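Notes follow the structure.
The values are calculated or read from the model by the stated rules, or taken from the named source; none is laboratory data. The shown structure was predicted, so the numbers you read here are calculated from the model rather than taken from an experiment. Neighbour counts run over all protein chains shown; Cβ positions are idealised from the backbone, glycine included.
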Amino acid sequence: MSSTHHANRTNRVGDYDVLIIGAGFSGLYLLHRLRGSGFRVRVVDRASDVGGTWYWNSYPGARCDVESMQYAYSFSPELEQQWVWTEKYATQPEILRYAQHVAEHFDLKRDIEFNTTVKSAAYDESDHRWSIKTTDDKTLSADFCVMATGCLSTINTPHFEGLDSFTGPIYHTGEWPHETVDFSEQRVGVIGTGSSAIQAIPLIAEQVEHLYVFQRTPHYSVPAWNRPLESNPDTITSGRKAYGYDADLTIEEIKADYAGLRKRARRMFNALAFIPNRKSALEVDEVERQAEYEGFWQRGGVVFLGAYTDLATSLEANETAAEFVREKIRQTVKDPLVADSLVPTYAIGCKRLAVDTNYYETYNRSNVTLVDVSQSPIQKITQRGVYALNQEYNLDALIMATGFDAMTGAMLRIDIRGRDGLTLKEKWAEGPRGYLGLGIAGFPNLFMITGPGSPSVLTNMMQSIEQHVDWIVACLEHLRTHDIEVIEATQSAEDDWVTHNDAMADDHVRNSCSSWYVGGNIEGKPRVFMPYVGGFPRYVEKCNEVATQNYLGFTLTT
Ligand code: N01
């Protein structure tokens, strides 16, 4: 650090107080905060610009499924007032412009190295420093290293026999080209029907000659009812207002008390301001239940799962909501056989609920074919297309909407070595282990932002990112003030946290199917429920308690 004990090496080129890997929303905010606090910081990112996930996921239809007024930083009231979101759910280009605006406004780019991929990160016990090596053989070192690598940033391309033989272009939604891809008059195949596919399919279907969707598991989706953000309070319908949702406040109303909205959000399980129903789905009769689900359906968005308190905790309660959505699918999709294939049987919200515009309606188009590979997997990819159900589907282009090696992939693709040469790969062989999703025993002076074991992907990521960054900055300031060189999670604190996590997730509805939350989409990945399912407020309380008790569960060494 730039204080006393490391003063002799602070002027060496490539030496910093803190290295941050990733220039997405985590890395940007952390850089801003640490620089403001006098730390010497360097950020590296493999992309050629800021934005992280919003840089890479530029496929048609990509948007955030958290409302734009809430999916924005809260740390700067000036930024909150200045930026104008144009739609209820912002598009990927608009979010990327926001990230670029933040980088410009706070002059962040001068401390970021783009087009720089980290291949290894090693802790040197002799001088308590991290040293990272990049693929272009550059070395950077620092007292602390922070993995701001994102939860969904390592794409998953499943192994299909013959994939290399396909003669047309293959795209992945998670690494989409930045130039416009024109599919007009083409036969296009999409493999996968998760959130990315659900956003892309309706738009691609409008362009192509024919779209073939290869579906292994159907996904639940609720409507977005996306709309321009009105700035005139009078245009909000009284019905929606009466429902009392924060989402239906106008821009002016929110900006008049943005802090209030954030405060309400932080009290919520998923760090999203909305008004949930406080009843159990099982304590009301069928008529009331249907009316409530209809109200949430008409409101749209992921908060559908807030229609009752027990949709995430009781499979019986969950089934009532699941059946409501299944019925909506049956009503929307005209061909009953196609509708049957699109109806999921598992619990709703177990895989992350998708939010769509015209997804199910798209299957009523004559140029869209659903290929149900649930009973018999895709056999191979040929030169000309996809071979499935003993038939070749001839394609001009193939889209992999096959998701990510979530939560651990981005860290494990870097060769991370901690104390005694322990590799993270070895440490996480049976699944990720860490303390609060912030620190890892055996890996001193290394922090994660929204790592496994924190609520992260189950919450509004912006709130979780800010909470982690604020915690880490306060921690580093504390270490500097007290001349502490090394901080490391203790084995017992980590074990207790992992046990607590597992116990919370044990009977949870989200743990009742296969999904990327449990690594189920990656062959050979150990099944562990990775995000913390105990909710944002409880988690924050624990983090604050740890900090106020002199970083309880961490050893601090001067
Ligand atoms: O990925 P997914 P995604 N053969 O893993 C299928 C966030 N996100 O990119 O379910 C055939 O959900 C797989 O099938 P199955 C959001 O958190 C946010 O869509 O494993 N199919 C599934 O259908 C989301 O949850 C937004 O049986 C194969 C699909 O590929 C997360 O990113 C927008 C297969 C993958 O779905 C990931 O979403 C988009 C195979 N071998 C995404 N392997 C926002 O709005 C996999 N599949 C913010």
Qualifying residues in the stretch 183-219 (those that are among the aromatic types (Phe, Trp, Tyr) and away from the ligand (no atom under 11 Å from the Cβ)) - the one surrounded by the fewest Cβ atoms within 10 Å (Cβ to Cβ): PHE183
Failed item, numbered, when SER131 is tested on (1) more than 25 Å from the chain's Cα centre (by Cα); (2) of a type in the set (S, T, N, Q); (3) modelled with pLDDT under 95: (3)
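One line per residue, one yes/no per condition, for (1) within 30 Å of ASP470 (Cβ to Cβ); (2) among the β-branched types (Val, Ile, Thr); (3) touching a residue at least 40 places away in the same chain (Cβ under 8 Å):
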position: ALA505; (1), (2), (3): yes, no, no
position: HIS508; (1), (2), (3): yes, no, yes
position: VAL518; (1), (2), (3): yes, yes, no
position: PRO526; (1), (2), (3): no, no, yes
position: MET530; (1), (2), (3): yes, no, yes
position: GLY553; (1), (2), (3): yes, no, yes
Top-ranked residue of the stretch 171-182 - restricted to ones that are farther than 17 Å from LEU152 by Cβ and either of a type in the set (Gly, Ala, Ser) or surrounded by fewer than 16 Cβ atoms within 10 Å (Cβ to Cβ) (or both), ranked as farthest from the ligand (Cβ to nearest atom): ASP182
Test: residue in the stretch 81-94 that is crowded, with 23+ Cβ neighbours inside 10 Å and part of a strand (DSSP E or B): no
Qualifying residue in the stretch 414-430 (condition: within 22 Å of ASP127 (Cβ to Cβ) and polar (S, T, N, Q)): yes
In the stretch 271-302, residue surrounded by the fewest Cβ atoms within 10 Å (Cβ to Cβ) [restricted to those that are within 22 Å of ALA505 (Cα to Cα) and touching a residue at least 40 places away in the same chain (Cβ under 8 Å)]: VAL302
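Can you name every residue in the stretch 411-423 that is surrounded by fewer than 23 Cβ atoms within 10 Å (Cβ to Cβ) and within 26 Å of the chain's Cα centre (by Cα)?
The first filter runs over the stretch 411-423 and keeps only residues surrounded by fewer than 23 Cβ atoms within 10 Å (Cβ to Cβ), leaving 412-415, 417, 419-423.
Within the stretch 411-423, LEU412, ARG413, ILE414, ASP415, ARG417, THR423 meet the criteria.
Do we have LEU436 as closer than 18 Å to LEU28 by Cβ, surrounded by 22 or more Cβ atoms within 10 Å (Cβ to Cβ) and in contact with a helix residue (DSSP H, G or I) (Cβ under 8 Å, 6 or more places away or on another chain) here? Don't jump to the end; show me each part of the working.
On the way: closer than 18 Å to LEU28 by Cβ: no; surrounded by 22 or more Cβ atoms within 10 Å (Cβ to Cβ): yes; in contact with a helix residue (DSSP H, G or I) (Cβ under 8 Å, 6 or more places away or on another chain): yes.
No; evaluated as a whole, the condition is false for this residue.
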Residue within the stretch 461-470 that is touching a residue at least 24 places away in the same chain (Cβ under 8 Å), under 23 Å from the mean Cα position of the chain (by Cα), closer than 22 Å to LEU315 by Cα and surrounded by 17 or more Cβ atoms within 10 Å (Cβ to Cβ) present: no
Hits in the stretch 330-377 (condition: buried (at least 18 other Cβ atoms within 10 Å of the Cβ), more than 16 Å from the ligand (Cβ to nearest atom) and assigned to a loop (DSSP other than H, G, I, E, B)): VAL333
Filtered residues of the stretch 387-437 (kept if more than 16 Å from the ligand (Cβ to nearest atom), touching a residue at least 24 places away in the same chain (Cβ under 8 Å), in a strand (DSSP E or B) and β-branched (Val, Ile, Thr)): ILE416
